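The values are calculated or read from the model by the stated rules, or taken from the named source; none is laboratory data. Because the structure is predicted, anything quoted here is derived from the model rather than measured. Here Cβ is always computed from backbone atoms with ideal geometry, including for glycine, and neighbour counts include all displayed protein chains. Note: accessible area is taken over every heavy atom of the protein model, side chains too, but ligands, DNA and RNA are not part of it. Shrake-Rupley method; radii C 1.70, N 1.55, O 1.52, S 1.80 Å.
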Amino acid sequence: MKIFAYGIRDDEKPALQGWETAHPEIEVAYTQELLTTESAKEAAGSDGVVVYQQLPYTREILQALADEGIHQLSLRNVGIDNIDLKAAKELGFKISNVAAYSPNAIAEHAAIQLARVLRRSKELDAKVAKHDLRWAPTIGREVRMQTVGIIGTGRIGRVLIQILQGFGAKIVAYDIFKNPDIDKQGLYVDSLDELYAQSDVISVHVPSVKENIHMLNKESIAKMKDGAILVNVARGDLMDTDDVIAALDSGKLSGLVMDVYENEVGIFNEDWEGKKFPDARLADLIARPNVLVTPHTAFYTTKAVLEMVHQSFDAAVAFVNGTETRNAVKY
């Protein structure tokens, strides 16, 4: 059996080498190139492919794989929103993803960045770098004094709740699919409007589906407390970025944590030092003292990368062998 992988980064190679060692019967080949209609030819003779979500997987790309006799796609990530699912179904593709590589990595990142916004660490770090060691006016707030609204109580949302409860924060939560443990704690409110009205901090952990696009917009922000803080380590298109910027300008929002951005592909994970930055809106957000931007790195831990590689390759082998895999996507 031969599995071909696309977009393998240097930091993924140790995990891949570990998987290869544990599966000497599987031939593995890979490239750092992303999957395109042209690079699909590199998978010729392979039984399955492993990919990482960045570029859209269009009908043309899927057809190029099908032309090589490949009808399965094992993603090393969660999202499948960049796949032409209609074409995939017509071409008979089996698709897998890695739905839970490390909820803790993302939840920890959200909690750490939130604490940094509350303690105004970006402003304080800038002062210290200039040897200005005065306290005032950079006074912070304590996590335990905040009411934090968690939208989405899947794996990541639940871990974040546990972390913030450890700080002593009050939690309110909303999800159309209630988790029994969270429900037993009495944390759910009946509507997003209730959550917005009660929360000092709002952290969103829902998928990028049609119903959720731009759910954080001028209408929903207007329902929030004055001075609320937004945390988005989920998907960039959950926020209307222009509306969020307007709310930061007016003071309606006092802070923002963002690990994702609507137009991040082609900008994030690139070195722009000494070059013309391609997005003035993002540059503006990065420059703000009350905004913390990270380039989609909440997931980026050694544990998460290992799970993404190992689980995706395990799923690819299962597809080829015709066996069940918990990572199969039903679509």
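At a glance:
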item: Every residue from region 121-163 that is on the phi > 0 side of the Ramachandran plot and buried (at least 19 other Cβ atoms within 10 Å of the Cβ); result: GLY152
item: Residue under evaluation VAL28, criteria (1) assigned to a loop (DSSP other than H, G, I, E, B); (2) open to solvent by less than 50 Å² (accessible area, probe 1.4 Å); (3) closer than 18 Å to VAL317 by Cβ, criterion not met; result: (1)
item: So TYR52, is it modelled with pLDDT under 95 and within 26 Å of ALA304 (Cβ to Cβ); result: yes
item: Failed item, numbered, when MET224 is tested on (1) open to solvent by 30 Å² or more (accessible area, probe 1.4 Å); (2) part of a loop (DSSP other than H, G, I, E, B); result: (1)
item: Which listed residue is open to solvent by 50 Å² or more (accessible area, probe 1.4 Å) and within 30 Å of LEU292 (Cα to Cα), from ASP47, ASP67, ASP10; result: ASP10
item: Qualifying position, being of a type in the set (S, T, N, Q) and assigned to a loop (DSSP other than H, G, I, E, B), among GLN53, GLN17, GLN113; result: GLN53
item: Odd one out for ARG281, checked against (1) surrounded by fewer than 14 Cβ atoms within 10 Å (Cβ to Cβ); (2) closer than 15 Å to VAL78 by Cβ; result: (2)
item: Selected residue [closer than 22 Å to LEU160 by Cα and either of a type in the set (D, E, K, R) or in contact with a Phe, Trp or Tyr (Cβ under 7 Å, 6 or more places away or on another chain) (or both)] from GLY236, GLY255, GLY227; result: GLY236
item: Some residue of region 228-246 being open to solvent by 30 Å² or more (accessible area, probe 1.4 Å), assigned to a loop (DSSP other than H, G, I, E, B), under 17 Å from LEU114 (Cβ atoms) and not aliphatic (A, V, I, L, M); result: no
item: Unmet requirement for GLY186, which otherwise passes all of (1) outside any loop (DSSP other than H, G, I, E, B); (2) over 24 Å from ASP81 (Cα atoms); result: (1)
item: Selected residue (only one of ALA115, ALA107, ALA100, ALA88 is at pLDDT 95 or above and either closer than 24 Å to LYS184 by Cβ or surrounded by fewer than 15 Cβ atoms within 10 Å (Cβ to Cβ) (or both)); result: ALA107
